[in-house]
Amino acid sequence: MNRRALDELKQQIPLLDYLQGHEWQPARQLSRGRLMGLCPLHADQKPSFLVDTSKGLFYCYGCGRGGDVIRFAELYHQVKFPQALVLLRQWRGLPPLLHETAGFYRMQLHRHPEAVAYLYQRGLRSPELIEHMRIGYAPGGCLRGWLMQVGYPLPTLCEAGLVTASGYDAYTHRLVFPLDSNLYGRSLSAAAPPHRFLPGAKGGLYAWEQVRQCPEVILVEGLFDYAALW
Ligand SMILES: [Zn+2]
C-alpha cells in the first residue's frame with residue numbers, strides 16, 4: 001500500500017469514529033478537538049488517553065503509546081501493520097456484511113415460530129410491517145457458518161461483533177432490527193440482557209430521512225413502539 005492509499009484509508013476512518021466504534025468514550029474535553037479518556041490499551045484508572053481529533057492522533061500518558069488510527073488498530077488488536085490495515089478496511093466495509101447478516105436473519109424468522117409468536121404478542125402482526133422493517137431472527141449457532149460459507153473470514157466477523165471472541169454467534173434468541181449502520185437485537189429470553197447492539201455507532205433517529213420534511217413528527221422511544229404505531 002503506498003503513502004497516498006494509507007492517507008486515504010486514514011481519511012475514511014477518523015480515529016475518533018474508530019475509537020467510539022470500540023466503545024471508547026471521552027471523559028472530558030481539554031480544548032477544541034482534544035479529548036481525554038480512559039486508555040483502551042492498558043488498565044487505566046484515571047483518564048490518561050489523549051485524542052487529537054483534528055490531527056487523528058492519540059497519546060497515552062499512562063502507557064506512553066501513541067500514533068494514528070492504524071497504530072491504534074495494531075496495538076488494540078495486537079496485530080502487525082499489514083493485518084491492522086486488513087482490519088481497518090474490513091471495518092470501513094461493514095455495511096455489506098450487515099446487509100448479508102440481516103438477510104440471513106430475515107430468512108430465519110419464518111423458520112422459528114417462537115420468534116413470530118413474540119412479535120404477535122408485542123402487537124406486530126402485519127407481514128407488510130415485518131417486511132418493511134426488515135425484522136429478522138437470530139436463533140444463534142448458525143450465522144458464523146453461513147457467513148464463512150459465503151466468503152467472510154472469521155476475524156472480520158469478530159471485528160464486526162457478530163461473532164464473540166470464543167467463536168459463537170453474538171446474537172442468540174434475538175429478534176433483529178436492521179438500522180443504518182448497526183443491528184438492534186431484542187432478546188426473547190428474560191434471562192439475557194434485553195437490548196443489544198453491535199459495537200459501533202447506533203445511528204441517529206430511526207427513519208429520520210424519510211420524515212425530516214414532514215411538518216409534524218411523532219417521536220417514540222424504541223423500535224417496538226415505532227412498529228406498534230405503524
Ligand atoms: Zn495507555
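The values are calculated or read from the model by the stated rules, or taken from the named source; none is laboratory data. Keep in mind that what you see is a predicted model, and the values were worked out from it rather than measured. So basically every Cβ, Gly included, is an ideal-geometry build from the backbone, and we count neighbours across all protein chains shown. Please note that ligands, DNA and RNA were not included when accessible areas were found on the heavy atoms of the full protein model with its side chains. Shrake-Rupley method; radii C 1.70, N 1.55, O 1.52, S 1.80 Å.
Worth pointing out:
- Members of the range 175-189 that are open to solvent by less than 10 Å² (accessible area, probe 1.4 Å) and either assigned to a strand (DSSP E or B) or at positive phi (or both): 175, 176, 177, 178, 183, 185, 187
- Scanning the range 30-46 for residues that are surrounded by 12 or more Cβ atoms within 10 Å (Cβ to Cβ) and either within 10 Å of the ligand (Cβ to nearest atom) or within 16 Å of residue 76 (Cβ to Cβ) (or both) yields 37, 38, 39, 40, 41, 42, 44.
- Residue pairs whose Cβ atoms lie under 8 Å apart, separated by 6 or more positions or on different chains, with the first residue in the range 31-48 and small (Gly, Ala, Ser) and the second away from the ligand (no atom under 11 Å from the Cβ) and assigned to a loop (DSSP other than H, G, I, E, B), are 33/53; 33/54; 37/24; 37/25; 37/26; 37/27.
- Scanning the range 47-65 for residues that are under 14 Å from residue 16 (Cβ atoms) and either of a type in the set (Gly, Ala, Ser) or open to solvent by less than 50 Å² (accessible area, probe 1.4 Å) (or both) yields 49, 50, 51, 52, 54, 56, 58.
- Residue satisfying all of: in the range 66-111; of a type in the set (Lys, Arg) and surrounded by 16 or more Cβ atoms within 10 Å (Cβ to Cβ); modelled with the highest pLDDT among these: 71
- Cross-chain or 6+ apart pairs with Cβ under 6 Å, the range 49-67 first and free of Cβ contacts under 8 Å to residues at least 24 places away in the same chain and within 12 Å of the ligand (Cβ to nearest atom), then open to solvent by less than 20 Å² (accessible area, probe 1.4 Å) and among the hydroxyl-bearing types (Ser, Thr, Tyr): 60/48; 61/48; 62/48
- The set of residues from the range 122-168 being in a helix (DSSP H, G or I), under 19 Å from residue 224 (Cα atoms) and open to solvent by 50 Å² or more (accessible area, probe 1.4 Å) comprises 127, 128, 131, 132.
- Against the test of being open to solvent by 30 Å² or more (accessible area, probe 1.4 Å), in contact with a Phe, Trp or Tyr (Cβ under 9 Å, 6 or more places away or on another chain), assigned to a loop (DSSP other than H, G, I, E, B) and more than 22 Å from residue 19 (Cα to Cα), the options 226, 206, 171 yield a single qualifying residue, 206.
- Breaking point among (1) touching an Asp or Glu at 6+ places or on another chain (Cβ under 8 Å); (2) basic (Lys, Arg); (3) under 21 Å from residue 156 (Cβ atoms), for residue 34: (3)
- Qualifying residue in the range 59-82 (condition: touching a Pro at 6+ places or on another chain (Cβ under 7 Å) and over 21 Å from residue 162 (Cα atoms)): no
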